Amino acid sequence: MGDSFEIRPGDKFRLSHVGPTDTSAFKGKKEDAEKEMEGLRSELDRLQELLYADHRHAVLVVLQGMDSAGKDGVIRHVFEGVNPQGVQVAPFKVPTPAEQDHDFLWRIHAQTPAKGHMTIFNRSHYEDVLTVRVHKLVDQGIWEKRYHAINEFERNLTREGTTILKFFLHIDRDEQRKRLEARLQDPTKNWKFSSADLHERQFWDDYQKAYEDMIQQTTTEWAPWHVIPSDHKWFRNWAVSRTIVKTLTGLSLAYPKGEVDVSKVRIPP
């Protein structure tokens, strides 16, 4: 995986081989990463404006991870400088009755980004091969077929000009416990704690297996997964920022030509 964090199709991927505390991809200290983040935020702001003006591409960022893995933290720290006019966040909760009456991708497609825009999925269509599997909400034969449906869905998006960046924020069980305890001890974070977090924690091993299979089955040439060691929040933010900036830079974005020859325009006094 190296310092790209990318899982390629055919890789013999094992989640247990990725250390949640591993920060070796950054050659420096936490303070150095935080300084570099300032430059990455500035560059992301510039590239996002360019994406909006260029209007040929769309960008979909998918964030998945266990409870308290840092999905909200990534949105807050990585995207804090971008123009909200061109960036949307789509959180996916338990499906509504109307959503349950449609195929599992129906509610997802409606939230995908338009050209010139960037959308961040806080959880996503992948819940339909994770939560439903762990809690046996549908038969195995149903969720297994969804891997192929997801791959084809994402292939179609990329064919239409959407670049997909999928991040699995990888923390270990002890780190999750510390973060949940912090929510209990800090009055300003009490509201973030839910008894459901404790319930889901009981299924830790089942989720780890489900995530591993998900990554193996749905990392593709057109939409590969990036597995980010996330026990250290500063490293998580740096790794995600670096990957997004590098990807946007590779799109060869350009400002379009103006409607008029500005060299001949004179603004009257």
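All of the numbers you see were taken from the coordinates with simple rules; none came from a lab. The model shown is predicted, which means the values in this text are computed figures rather than measured ones. With ideal geometry, Cβ positions are generated from the backbone for all residues, glycine too; neighbour counts draw on all protein chains shown.
Just to be sure, is HIS55 surrounded by fewer than 18 Cβ atoms within 10 Å (Cβ to Cβ) and under 28 Å from LEU198 (Cα atoms)?
On the way: surrounded by fewer than 18 Cβ atoms within 10 Å (Cβ to Cβ): yes; under 28 Å from LEU198 (Cα atoms): no.
When the stated conditions are applied, HIS55 does not pass them.
I need the full set of residues from region 1-57 which are of a type in the set (D, E, K, R) and part of a strand (DSSP E or B), in order please. Spell out the reasoning first.
Quick first cut of region 1-57, residues of a type in the set (D, E, K, R) only: 3, 6, 8, 11-12, 14, 22, 27, 29-32, 34-36, 38, 41, 43, 45-46, 49, 54, 56.
GLU6, the sole residue that qualifies.
Kindly provide the set of residues from region 193-204 that are touching a residue at least 60 places away in the same chain (Cβ under 8 Å) and aromatic (Phe, Trp, Tyr), ordered by number.
Selection gives PHE203, TRP204.
Condition check ((1) among the β-branched types (Val, Ile, Thr); (2) more than 23 Å from GLN208 (Cα to Cα)) across all residues:
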{"residue": "THR21", "(1), (2)": "yes, no"}
{"residue": "LEU44", "(1), (2)": "no, yes"}
{"residue": "GLU49", "(1), (2)": "no, yes"}
{"residue": "LEU60", "(1), (2)": "no, yes"}
{"residue": "ILE108", "(1), (2)": "yes, yes"}
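Collect the residues in region 83-104 that are part of a loop (DSSP other than H, G, I, E, B) and either among the acidic types (Asp, Glu) or in contact (Cβ under 8 Å) with a residue 40 or more places away in the chain (or both), keeping them in residue-number order. Spell out how you get there, then give the answer.
Just the residues of region 83-104 that are part of a loop (DSSP other than H, G, I, E, B), to begin with: 83-86, 92-96, 101-104.
Passing the criteria: ASP101, ASP103, PHE104.
Can you go through PHE92, PHE121, PHE79, PHE153 and tell me which one is surrounded by 15 or more Cβ atoms within 10 Å (Cβ to Cβ) and within 16 Å of THR218 (Cα to Cα)? Walk me through it before giving the result.
Working: PHE92 fails: within 16 Å of THR218 (Cα to Cα); PHE121 fails: within 16 Å of THR218 (Cα to Cα); PHE79 fails: within 16 Å of THR218 (Cα to Cα).
Among PHE92, PHE121, PHE79, PHE153, only PHE153 is surrounded by 15 or more Cβ atoms within 10 Å (Cβ to Cβ) and within 16 Å of THR218 (Cα to Cα).
May I ask you to list pairs of residues, at least six apart or on different chains, whose Cβ atoms are under 6 Å apart, with the first in region 205-234 being farther than 17 Å from ASP174 by Cβ and the second being of a type in the set (Lys, Arg) and surrounded by fewer than 18 Cβ atoms within 10 Å (Cβ to Cβ)?
TRP222/ARG155; TRP234/LYS30
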